[in-house]
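Undergrad: Structure in structure tokens, see below.
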Amino acid sequence: MRSPYAAALFAGGRSTRFGSDKAFFEIDGVPLWRRQLAKLEVPMPTELLLSANAEQRFSRGPGDHWRLVVDGEPDGGPMVALASCLRATALPRLLVLAVDLPDLPESLVGELAYCDCGVVPVWDDGHVEPLAAVYPAEVLPMVERRIAAGDLAMQGLVAEAVNEGLMVPRPIADVERGWFRNWNRRPEG
């Protein structure tokens, strides 16, 4: 049986290259944040978090059961969002998904959720995808230490967590390459 876990959508970025808050960009009339949150709901996490910056306003609809977690420091990026979400839950694992990875399928979200351990997708060259990963609660001291040192690089955090045996790499197959295309710029058309 799978252990309980929390899932968090990271939607608090500033979207400077995108030109507007990408969390609210609509595809077929549905904002990105709602599309991505729906993916996180499919494997039925014990707790669902929406990580945001203090200026964002998300509307709650009927049946919504997510909890808003405001990033602890403005402009701290995903490292601060990770720390805020890990502190906000008492569950042993946190599945994170970036709002700007709309091509990532529900099947991979489910695979990550059911790994029952810390796991991160990794490319052939060793580069990792830290914003579609599962973090065990034990990484929080590493995250806090890195924030205190001003080191907000997620690649370094994940490398340390893998070296410490807290996360395992999950190779990205060639057919999965397009799933990790992030939307830093507004799509054409």
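Undergrad: Inside segment 61-72, can you point out the residues that are in contact (Cβ under 8 Å) with a residue 40 or more places away in the chain and of a type in the set (Gly, Ala, Ser)?
TA: Within segment 61-72, none qualify.
Undergrad: Is segment 53-62 home to any residue that is over 17 Å from the mean Cα position of the chain (by Cα), acidic (Asp, Glu) and farther than 19 Å from residue 134 by Cα?
TA: Within segment 53-62, one or more residues are over 17 Å from the mean Cα position of the chain (by Cα), acidic (Asp, Glu) and farther than 19 Å from residue 134 by Cα.
Undergrad: For residue 75, work out the one condition from (1) buried (at least 16 other Cβ atoms within 10 Å of the Cβ); (2) in contact (Cβ under 8 Å) with a residue 60 or more places away in the chain it doesn't fulfil.
TA: (1)
Undergrad: Just give me the residues in segment 84-100 being surrounded by fewer than 21 Cβ atoms within 10 Å (Cβ to Cβ) and hydrophobic (A, V, I, L, M, F, W, C), in sequence order.
TA: Across segment 84-100, the qualifying residues are 88, 90, 91.
Undergrad: I would also like to ask the following. Pull out all pairs, ordered by first then second residue, where Cβ-Cβ is under 7 Å, the residues are six or more apart or on different chains, the first lies in segment 83-106 and is among the polar types (S, T, N, Q), and the second is in a loop (DSSP other than H, G, I, E, B).
TA: Here the result reads 84/71; 84/72, each pair linking segment 83-106 to a residue that is in a loop (DSSP other than H, G, I, E, B).
Undergrad: Take segment 62-79 and flag every residue that is part of a loop (DSSP other than H, G, I, E, B) and touching a helix residue (DSSP H, G or I) at 6+ places or on another chain (Cβ under 6 Å).
TA: Within segment 62-79, 71, 72, 73 qualify.
Undergrad: Let me ask something additional. Go over the candidates 158, 119, 128 one by one and state the one that is more than 20 Å from residue 38 (Cα to Cα), without any contact (Cβ under 8 Å) to a residue 40 or more places away in the chain and surrounded by 20 or more Cβ atoms within 10 Å (Cβ to Cβ).
TA: Among 158, 119, 128, only 158 is more than 20 Å from residue 38 (Cα to Cα), without any contact (Cβ under 8 Å) to a residue 40 or more places away in the chain and surrounded by 20 or more Cβ atoms within 10 Å (Cβ to Cβ).
Undergrad: Shifting gears a bit: Within the set of pairs 6+ apart or on separate chains, which have a first residue in segment 40-60 that is under 19 Å from residue 4 (Cα atoms), a second that is of a type in the set (Val, Ile, Thr) and not in a loop (DSSP other than H, G, I, E, B), and C-beta atoms under 6 Å apart?
TA: 49/69
Undergrad: Take residues that are among the hydroxyl-bearing types (Ser, Thr, Tyr) and tell me which of the strands (runs of 3 or more DSSP E) falling wholly in segment 80-189 contain 1 or more.
TA: Per the criteria, 132-136.
Undergrad: Would segment 13-22 turn up any residue that is within 19 Å of residue 129 (Cα to Cα) and in a loop (DSSP other than H, G, I, E, B)?
TA: Looking through segment 13-22, at least one residue is within 19 Å of residue 129 (Cα to Cα) and in a loop (DSSP other than H, G, I, E, B).
Undergrad: Taking into account only those residues within segment 82-105 that are among the charged types (D, E, K, R) and modelled with pLDDT under 95, which is farthest from residue 137 (Cα to Cα)?
TA: Going through the qualifying residues, I end up with 103.
The values are calculated or read from the model by the stated rules, or taken from the named source; none is laboratory data. All values reported here derive from a predicted model rather than from experimental measurement. Because the Cβ atoms are built from the backbone with ideal geometry, glycine has one as well, and the counts that use them run over all protein chains shown.
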